[in-house]
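Engineer: Below: one structure in C-alpha cells.
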Amino acid sequence: MVRQLLIGRNLRIMKFYFSPKVSTVCLVLIALMIRASFWQWERHLEKQDYIETLEERLKQEVVPLNTISRKIRNQTADYIHRRVSITGTYDFEHEVILRNRRHQEQAGVHVLTPLRLENTELVVLVDRGFLPLSVSLPEKRKEFQNLTTVSFTGLVKEGQVRKFLAPKDPTSGGDNPWVDSWLRIDLEGISKQFPYPLLPIYLEIMDSSDHSGVQEQIVSSSSTKDEMFFLPSERKMVGTGDLNPEVAYPIPVFNTVIPPGRHFGYVFEWAFMALITFLIGLVLQLRPSRQHR
C-alpha cells in the first residue's frame, strides 16, 4: 500500500517542460509519417484504378499485334494489358535477362528475347519467362533456345522506369560493353544495344488465349492478415535449385503488383507510428516538478 501511494505521488508531481530540440525533431518525424500515410492512401486508390483497367482490358478480344502496332506507337497507354496474338521469329543472339526474380520461392531470372513479327520489320521484346539462377548464364541459356519461330497469345505491358533512389542499370549502346543482365525492363536502354528499334511495349506470354485467372496471377486476390497488420511473414528461404525435368523452361510468368489492401494497411501503420512518435516526444519532455527535485 505504501509503495502504491509513493508511485501515485511521483506521477502527480511530473510536469511538462518544453524542449525546442525534442519538439522540432518529433514534429518533423510526425509530418513525414503523416505524409507517408497519405501517400499510401493515394497508392491504394491508384492500385484500385489499375485493377479496374486490367479487368476491363483483359476482357477485350484478342487482336493480332501487327494490326495495332501503329496505334500502339501513338497511344501506348491505351493498349497496356491488351491480349494480342503473335507469330514471329526469336533473335536469340540479342537475348538479355531480368535479374533478381523468383518463382515459387526459387531464385532466378526472366529471359527477355526480341522477336521479329512475321512478314514485317517490327520487333518486340518478349518476356519468355522464368529460368532458375543455375542456368541463367548465356552459354547455359542456349539449352532453352530451341523454338525459333513461335505463335502465342501475349499480354501487352509497358516498359519499366527507374524509381527514385533505385540502383541504376549499366549504360548501354555505342562503345559500351554488352549488358546481359538488367534490373528492370528499360526498353530504351535495352534497345540501344540492338541493331533495330523496338516497339514501345513488351509482351508477357500467356499459357492460353483465355483471360480467366490472369488477374489473380498479376494481383493477389486478397490481402492476408499479415499483409494488413504486418505480422511476421512465413516466407521460405529462396534457393537456386535444380531444373525440374517435368517442367518446360522458361516458365511463362507475369510481373506482379502489390494488392491495394497492403497499401491500405500501410496507411494505418504510418498513422500509428506518428501517434507513437507524438507520445514519445511528450514523455521525453516530462520532468519531476522543480519543487520536488
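Engineer: Any idea which residue in segment 45-82 is nearest to SER212 (Cα to Cα), counting only those that are touching a helix residue (DSSP H, G or I) at 6+ places or on another chain (Cβ under 8 Å), open to solvent by less than 20 Å² (accessible area, probe 1.4 Å) and of a type outside the set (A, V, I, L, M)?
Structural biologist: HIS81
Engineer: On to the next question. Looking only at segment 139-160, decide whether some residue is over 25 Å from the mean Cα position of the chain (by Cα) and among the aliphatic types (A, V, I, L, M).
Structural biologist: Yes, segment 139-160 has at least one match.
Engineer: May I pose another question? For residues in segment 91-101 being open to solvent by 20 Å² or more (accessible area, probe 1.4 Å) and not acidic (Asp, Glu), which is nearest to PRO200 (Cα to Cα)?
Structural biologist: HIS94
Engineer: Could you say which residue among VAL214, VAL135 is modelled with pLDDT under 90, of a type outside the set (Gly, Ala, Ser) and buried (at least 19 other Cβ atoms within 10 Å of the Cβ)? Before you say what the answer is, go through the steps one by one.
Structural biologist: Working: VAL135 fails: modelled with pLDDT under 90.
So the residue among VAL214, VAL135 that is modelled with pLDDT under 90, of a type outside the set (Gly, Ala, Ser) and buried (at least 19 other Cβ atoms within 10 Å of the Cβ) is VAL214.
Engineer: How many residues does segment 74-117 hold that are among the basic types (Lys, Arg) and free of Cβ contacts under 8 Å to residues at least 12 places away in the same chain?
Structural biologist: First, pick out the residues of segment 74-117 that are among the basic types (Lys, Arg): 82-83, 99, 101-102, 116.
In the following step, the residues that additionally are free of Cβ contacts under 8 Å to residues at least 12 places away in the same chain were identified as none.
Number of matching residues: 0.
Engineer: Yes or no: ASP127 open to solvent by 20 Å² or more (accessible area, probe 1.4 Å) and farther than 21 Å from PRO245 by Cα?
Structural biologist: Numbers: open to solvent by 20 Å² or more (accessible area, probe 1.4 Å): no; farther than 21 Å from PRO245 by Cα: yes.
Considered against the rule, which asks whether it is open to solvent by 20 Å² or more (accessible area, probe 1.4 Å) and farther than 21 Å from PRO245 by Cα, ASP127 comes out as no.
Engineer: Which is surrounded by 13 or more Cβ atoms within 10 Å (Cβ to Cβ) and either modelled with pLDDT under 95 or aliphatic (A, V, I, L, M) (or both), of ILE30, ILE7? It would help to see each step written out before you state the result.
Structural biologist: Numbers: ILE7 fails: surrounded by 13 or more Cβ atoms within 10 Å (Cβ to Cβ).
Of ILE30, ILE7, the one residue that is surrounded by 13 or more Cβ atoms within 10 Å (Cβ to Cβ) and either modelled with pLDDT under 95 or aliphatic (A, V, I, L, M) (or both) is ILE30.
Engineer: Answer yes or no as to whether PHE152 is open to solvent by 80 Å² or more (accessible area, probe 1.4 Å) and out of contact with any Gly (no Cβ under 7 Å at 6 or more places or on another chain). Reasoning before the result, please.
Structural biologist: Values: open to solvent by 80 Å² or more (accessible area, probe 1.4 Å): no; out of contact with any Gly (no Cβ under 7 Å at 6 or more places or on another chain): yes.
No, not satisfied.
The values are calculated or read from the model by the stated rules, or taken from the named source; none is laboratory data. This one's a predicted model, so the numbers in the text were calculated from it and none came from an experiment. In this analysis, Cβ positions are derived from the backbone assuming ideal geometry, glycine residues included, and neighbour counts consider all displayed protein chains. All accessible areas refer to the heavy atoms of the entire protein, side chains included, with ligands and DNA or RNA removed. Shrake-Rupley method; radii C 1.70, N 1.55, O 1.52, S 1.80 Å.
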